[in-house]
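Bear in mind these aren't lab numbers, they're just calculated from the coordinates by the rules spelled out. All figures in this text were calculated on a predicted structure; none of them were measured in a lab. All Cβ positions, even for glycine, are placed from backbone atoms using ideal geometry, and neighbour counts span all protein chains on display.
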Amino acid sequence: MPGQADLRSQLAVGRHALDPGRVPQVAALIRAHPRRAARLIELLWDDDPGVASRSADALERAYHDPSPALQRIVGEFKEALIGLLPEARYIKLRWNLAFTLPRLSLTVAEARRVAATLETYLDDRSSIVKTAALQGLADLTRHDPASLPAVLDLLRIHGRSGTPAMRARSRHLLKRLAPPQGKRLAMPETQAD
């Protein structure tokens, strides 16, 4: 993929909104050229559901293990991304934001705003969105350790009564987050408000 190619045209390739198209190539381009992340983030608001969804997928993939430069650039859009979370209507946009936002450097107040929206995602019609919301809520406990007991309760509930994907994810997250019987709960590190 040429480095000068317009990101939107690259992300417009796909048969339907859930088709990944050229997402892996775009994610690699963003990792190699972090300054292009600003344009990628703008495309999260695109009117074409496929472009918006693939933009979110590319951002999530590129931000999985971000460079300091990519962290800085995406961080400049943190408030806008947090604001997009409750407005997001496309399934793929919702689940990729649920995975990505907890990876940002968040204050406790920001983490709580994100968590409040992710809790509404637990009622989504999509099992993938619900499962991503559980993962996001668990990941947010790193920023807001006081939320851990409530998140553990949600994981226990959805580990029994959720969709098969939610049950599996809940079991995995409970193993990671819940202390063994008789052990005190170690609180993750947090950032100041």
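Structure values in brief
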quantity	calculated
Radius 13 Å from Cβ of Ile73, net charge of other residues (Lys, Arg +1; Asp, Glu -1)	+4
Compactness of the chain as Cα Rg over 2.2 N^0.38 Å, two decimals	1.04
Net charge, Gly50 excluded, C-beta distance under 10 Å - Lys, Arg +1, Asp, Glu -1	0
Neighbour-limited loop hits for trypsin sites (Lys or Arg not before Pro), region 86-144 (at most 13 other Cβ within 10 Å; DSSP other than H, G, I, E, B)	Arg89, Arg125
Calculated FRET value between Ser161 and Ser126, using beta carbons and R₀ = 22 Å, to 0.05	0.85
Restricting region 1-90 to GluC sites (Glu not before Pro) in coil, as DSSP defines it, with at most 15 other Cβ within 10 Å	Glu76
Student exercise, region 107-180 dipole from Lys, Arg, Asp, Glu Cβ charges, in Debye to nearest 20	340
Sequence-distant aspartates and glutamates (8 or more away, or on other chains) whose Cα lies within less than 18 Å of Lys175	Asp139, Asp153
Inter-label distance for Asp6 and Arg72, nm, one decimal - labels placed 7 Å from Cα along Cα-to-Cβ	2.9
Surrounding net charge for Ser126, when Lys and Arg each add one and Asp and Glu each subtract one, Cβ distance under 13 Å	+3
